[in-house]
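The values are calculated or read from the model by the stated rules, or taken from the named source; none is laboratory data. Because the structure is predicted, anything quoted here is derived from the model rather than measured. Cβ atoms come from the backbone with ideal geometry, glycine included; neighbour counts cover every protein chain shown. For accessibility, only protein heavy atoms count, side chains too; no ligands or nucleic acids. Shrake-Rupley method; radii C 1.70, N 1.55, O 1.52, S 1.80 Å.
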Amino acid sequence: MEVVRSGFVESTHHARMLTVDAEGRPVETRGAVHVPASPRSSMKPLQALGMLRSGLRLEGELLALACASHSGESFHVDGVRKILAEAGLDESALRCPEDHPDDRASTAYGRVYMNCSGKHAAMLATCVVNDWPTDTYLEPRHPLQRAIRETVEELTGERVAASGVDGCGAPLFFVSMLGVTRAFRAFPLAEAGSPERRVFDAMRAFPEWTSGTNRPEAAIMRAVPGLVLKAGAEAFDAFAFEDGRAGTVKIEDGSQRARTPVTVAALRSLGLDAPALEELAHPPLLGGGRPVGELRVRL
């Protein structure tokens, strides 16, 4: 992707991209999509699936929140506290870092505002259901994390190439973009009522709960009904449509400004488009408060 200011290309962002059609056949392949990548929070639907398979009892917006990188809005925070309360816990049980909500003007601060707190609350609730330890739920050898890793390897069709620690402290699994795309396709193609479809249906029904009211991920999902999109740190996106069309995007330098325009281009390569996506595809580049350039994606 090129950043063009006053007719001059002042920056370039390189991207890896993989999109597949409803039958799983490649449509666009850019870059090394077969080598291990760091999907970061794009893996949260898979983590939530592992929790459902382990007995987690969440539905609707609270299940969507378990898959979220949320903005810390009041309904997000209330939802996290509800998940914890129903498990007989409070926010002191969370092991994610303390943080401010996305609205930096807010003076609120704490673990419950951290963007991954919905996932962490769901992890704790899963531990309570199984009588597993709650104070060590982030350790790789914990039964919860072993169950999640097994789910990741099953859906991606790959062995985890390496593991690490995500920004929230949870285990992070490195797999290829091909594997992540394969995994995301499994959600809409699963039988109605299955754990996979429960995750998919919750996310697409409550897009604001998976990110935030004013986030581009929610805007894209609202613009393309039937689509689930999950962003990850360092400019990773993964998505799937209800008929099995799916894809992944990784901006090599981790630039967030490039992520959404490239993802819109990936969606359009599959025929998934809507008028509301145009502004996200071409965000204005300003100079002196007025448009003086553009972000241009080249496929």
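The table for this structure:
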item: Test for ALA274: is it at pLDDT 95 or above, farther than 16 Å from THR19 by Cβ and either under 16 Å from the mean Cα position of the chain (by Cα) or not aromatic (Phe, Trp, Tyr) (or both); result: yes
item: Some residue of the range 230-253 being in a helix (DSSP H, G or I), crowded, with 22+ Cβ neighbours inside 10 Å and of a type in the set (A, V, I, L, M); result: no
item: The range 57-85 - residue that is under 17 Å from THR134 (Cβ atoms) and in contact (Cβ under 8 Å) with a residue 24 or more places away in the chain and, of those, surrounded by the fewest Cβ atoms within 10 Å (Cβ to Cβ); result: ARG57
item: Selected residue (criterion: nearest to ARG81 (Cα to Cα)) from residues of the range 97-113 that are free of Cβ contacts under 8 Å to residues at least 24 places away in the same chain and open to solvent by 50 Å² or more (accessible area, probe 1.4 Å); result: ARG111
item: Verdict on ALA233 being over 12 Å from the mean Cα position of the chain (by Cα) and among the small types (Gly, Ala, Ser); result: no
item: Residues (closer than 25 Å to ARG30 by Cβ, open to solvent by 50 Å² or more (accessible area, probe 1.4 Å) and in a strand (DSSP E or B)) located in the range 135-182; result: PHE174
item: The one condition in (1) open to solvent by 10 Å² or more (accessible area, probe 1.4 Å); (2) in a helix (DSSP H, G or I); (3) out of contact with any Gly (no Cβ under 6 Å at 6 or more places or on another chain); (4) not aromatic (Phe, Trp, Tyr) that ARG185 fails to fulfil; result: (3)
item: Matching residues, the range 114-130, being assigned to a helix (DSSP H, G or I) and either of a type outside the set (Ser, Thr, Tyr) or open to solvent by 50 Å² or more (accessible area, probe 1.4 Å) (or both); result: GLY118, LYS119, HIS120, ALA121, ALA122, MET123, LEU124, ALA125, CYS127, VAL128, VAL129, ASN130
item: Flag for ALA223 being loosely packed, with under 15 Cβ neighbours inside 10 Å and not acidic (Asp, Glu); result: no
item: Out of LEU285, LEU270, sole residue that is in contact with a Ser or Thr (Cβ under 7 Å, 6 or more places away or on another chain) and open to solvent by 10 Å² or more (accessible area, probe 1.4 Å); result: LEU270
item: First in the range 1-25 and under 24 Å from PHE239 (Cα atoms), second anywhere and among the β-branched types (Val, Ile, Thr) and assigned to a loop (DSSP other than H, G, I, E, B), Cβ under 7 Å, 6 or more apart; result: MET1/VAL297; ARG16/VAL33; LEU18/VAL33
item: Residue tally, condition at positive phi and over 18 Å from the mean Cα position of the chain (by Cα), over the range 49-79; result: 1
item: Every residue from the range 195-220 that is of a type in the set (Ser, Thr, Tyr) and open to solvent by 10 Å² or more (accessible area, probe 1.4 Å); result: THR213
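Each row is one residue, and each column tells you yes or no for (1) within 23 Å of ASP166 (Cα to Cα); (2) touching a helix residue (DSSP H, G or I) at 6+ places or on another chain (Cβ under 8 Å).
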| residue | (1), (2) |
| --- | --- |
| ALA190 | no, yes |
| PRO195 | no, yes |
| PHE206 | no, yes |
| SER211 | yes, yes |
| ASN214 | no, no |
| ALA219 | no, yes |
| VAL224 | no, yes |
| LEU229 | yes, yes |
| ASP237 | yes, yes |
